[in-house]
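Quick notes on the structure that follows.
Just so it is clear, none of the values below were taken in a lab; they were calculated from the coordinates. What you see is a predicted model; the values in this text were computed from it and never measured. Positions of Cβ are backbone-derived with ideal geometry, glycine not excepted, and every protein chain shown enters the neighbour counts.
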Amino acid sequence: MPRTAVQQVLLLKQRHMMAETFIHVMEGCRDDYFPGETLENVISFVLIIEKMTDINEVGREATASALSRSIGISRATIRRKLVMLTRVGLIERRGSRYVISPEGLNHPLMLQGYRERLTLLANATKKMVKMTD
């Protein structure tokens with residue numbers, strides 16, 4: 001009997017576990033920061049924060065235009081998402097620019113959730129490595 005396409009995928013179990021772990025991490029982010037939001041929105045929020053971190057780390061403040069260009073999401077959509085991120089306290093608005101909010105990201109509940117996701121990633125990585133041995 002011929003093998004199915006699924007059976008032919010190399011490292012299928014590891015890839016599946018990686019995808020499952022990514023989904024669990026994003027669900028944790030949603031539960032901590034954005035209850036009721038779709039995972040699609042949560043992923044875009046995390047991507048925006050990640051790009052903002054890159055910009056802020058070099059001493060600059062992010063603009064909607066710069067984020068739009070670097071992520072490939074329309075400026076109007078970025079602006080709407082920046083409003084949401086500001087509302088939940090993860091970023092701060094400074095005129096037409098934005099910076100990461102240490103107070104929001106360092107909130108004890110947010111740090112607890114982060115540590116739980118870090119443990120989830122560490123455990124999943126160990127399991128995936130064992131699968132390849």
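Qualifying trypsin sites (Lys or Arg not before Pro) in the range 29-133, where qualification requires a DSSP coil assignment and no more than 15 other C-beta atoms within 10 Å, comprise 60. Look at the alpha carbon pairs under 8 Å that are at least 6 residues apart: their mean separation over the length of the chain gives a relative contact order of 26 percent. Computed over the range 13-87, the Cα gyration tensor eigenvalues convert (square root of 5λ each) into semi-axes of 24, 15, 12 Å, ordered from largest to smallest. Where only DSSP H runs of four or more residues are counted, the chain gives -23000 deg cm²/dmol as its mean residue ellipticity at 222 nm, each run worth -39500 (n - 2.57). Relative to the longest principal axis of the Cα atoms of the chain, the long axis of helix 39-57 makes an angle of roughly 60 degrees. Taking 19 Å as the straight-line reach from the Cα of residue 126, the aspartates and glutamates in range (excluding those fewer than 8 positions away in the same chain) are 20, 116. In order along the range 17-34, the phi-based Karplus estimate (6.51 cos²θ - 1.76 cosθ + 1.60, θ = phi - 60°) of 3J(HN,Hα) comes to 5, 5, 5, 4, 5, 4, 4, 5, 5, 5, 5, x, 4, 4, 5, 6, 10, 9 Hz; Gly and Pro are listed as x.
Bridgeable lysines around residue 130 (alpha carbons under 20 Å apart, same-chain partners fewer than 8 residues away excluded): 13.
Obtain the radius of gyration and the Kirkwood radius of the range 79-133 from its C-alpha atoms and give Rg over Rh.
Values: Rg = 16.7 Å, Rh = 13.4 Å.
Rg divided by Rh gives 1.24.
Taking the Cα centre of the chain as origin and assigning +1 to Lys and Arg Cβ atoms and -1 to Asp and Glu Cβ atoms, the resulting dipole is close to 360 debye.
When only Cα pairs below 8 angstrom with a gap of at least 6 residues are kept, the range 52-94 shows a relative contact order of 22 percent. Over the chain, all Cα pairs binned in 10 Å intervals from 0 give whole-percent P(r) values of 11, 34, 29, 17, 7, 2, 0, listed from short to long.
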